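Input: a single structure, listed below in structure tokens.
Nothing in this text is a laboratory measurement; each read-out follows from the coordinates by a stated rule. Because the structure is a prediction, the values reported are computed rather than measured. Every residue, glycine among them, receives a Cβ derived from its backbone with ideal geometry; neighbour counts consider all protein chains shown.
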């Protein structure tokens, strides 16, 4: 596996490239131009700037996350072709600087959702927390207010007016899952041929959490959804960002089994752990703790001879660190060492 680390850019991250390059086994950064609104073409000079910054510290910039999909594409509006064209142009620019994988998602309105970004755990650390009962009673617009942070959150536009968000939610509530699937098919049929030509692998991220929230359609929730995705456009470039934490929040999902089934369609993996509370709640934990057996997950990748990119995904805030929720330095670095420990043990065990 090829270890990478998500980095949000100069002035938008408490973690520095100098720190990232000191984590053993990390070879590159996972990046994006987070301040460019979804649907806009990325400027080449900004793309080249990030690549240069990474390379100055001996890191590559081969994985982009996220090149966000405009809501008009997800809604299937007549304007979608213009935004798809911008998406294709950005793909061409990214390929020109050596990008190999683009992670994206088809979550509507909210992207990933939590109800508490700083849940205090028994050991004093703080973590991302999802409280199912709170979701059932909170106004989505109130949740949106909570998402306003000093640093940008992935897939979230803090500048979007409340009125616009309210109208968007209502439109999505009238959209069926089958209609959303059809809109995804339309998008993939437009971009996968471009990806094939450019040598880029697209990798869709599952819904997080993997069930409907606020009555909105969600279509990347489980094994059957991933199977359907791979059949929509049957190409190695139509791939999956298999996120153990997102899919693993539903105890019915066998994450290790999914790794084994879809290994050749997983160019990028997020590996993290969650503690499932049994009432729909879950909290993110260290990689070693939690309800998921990450040994079995890593073993599945190892058994399949996985050579794709991996990142530790979210981490807790520990040792007094304060930064972007889920994206501090220390716990993610510890997570990397746990993953490498499992991998190295599997490597050496298999050679005896």
If you stretched the chain out fully between residue 138 and residue 212, how much longer would it get, using 0.36 nm times the residue separation minus the C-alpha to C-alpha distance?
25.2 nm
Determine the percent antiparallel among the DSSP beta bridges restricted to the range 2-350, to the nearest 5.
25 percent
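Contour minus end-to-end for residue 345 and residue 182, with contour as 0.36 nm per residue of separation and end-to-end as the Cα-Cα distance?
Result for the pair: 54.3 nm of gain on full extension.
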With an 8 Å Cα cut-off and a minimum separation of 6 or more residues, compute the relative contact order for the range 2-350 in percent.
17 percent
Gained length - residue 85 relative to residue 322, 0.36 nm times residue gap less alpha-carbon distance:
81.4 nm
Cβ density ranking, 10 Å radius, fewest first, applied to 59, 242, 33 yields 33, 59, 242
Along Cα→Cβ, 7 Å out, is where each label goes; now give me the distance between the ones at residue 146 and residue 48 in nm to one decimal.
4.3 nm
Contact order relative to length for the range 33-184, counting C-alpha pairs under 8 Å separated by 6 or more residues, stands in percent at 24 percent
Averaging sequence separations of C-alpha pairs under 8 Å and six or more residues apart, then dividing by the length of the range 265-352, give the relative contact order as a whole percent.
28 percent
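Show that you can apply the helix-only estimate: for the chain, add -39,500 (n - 2.57) for every DSSP H stretch of four or more residues, divide by all residues, and state [θ] at 222 nm to the nearest 500.
Theoretical 222 nm ellipticity from helices: -12000 deg cm²/dmol.
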In nm, spacing of pseudo-spin labels at residue 277 and residue 165 (7 Å Cα→C-beta vector):
2.2 nm
Most exposed first, judged by fewest Cβ atoms within 10 angstrom, 146, 3 run 146, 3
In the list (1) 21.2, 73; (2) 20.4, 60; (3) 19.0, 63, the entry giving Rg and Dmax of the Cα atoms in Å computed from the coordinates is (3)
Could you list 338, 87 in order of exposure, starting from the residue whose Cβ has the fewest other Cβ atoms within 10 Å?
338, 87
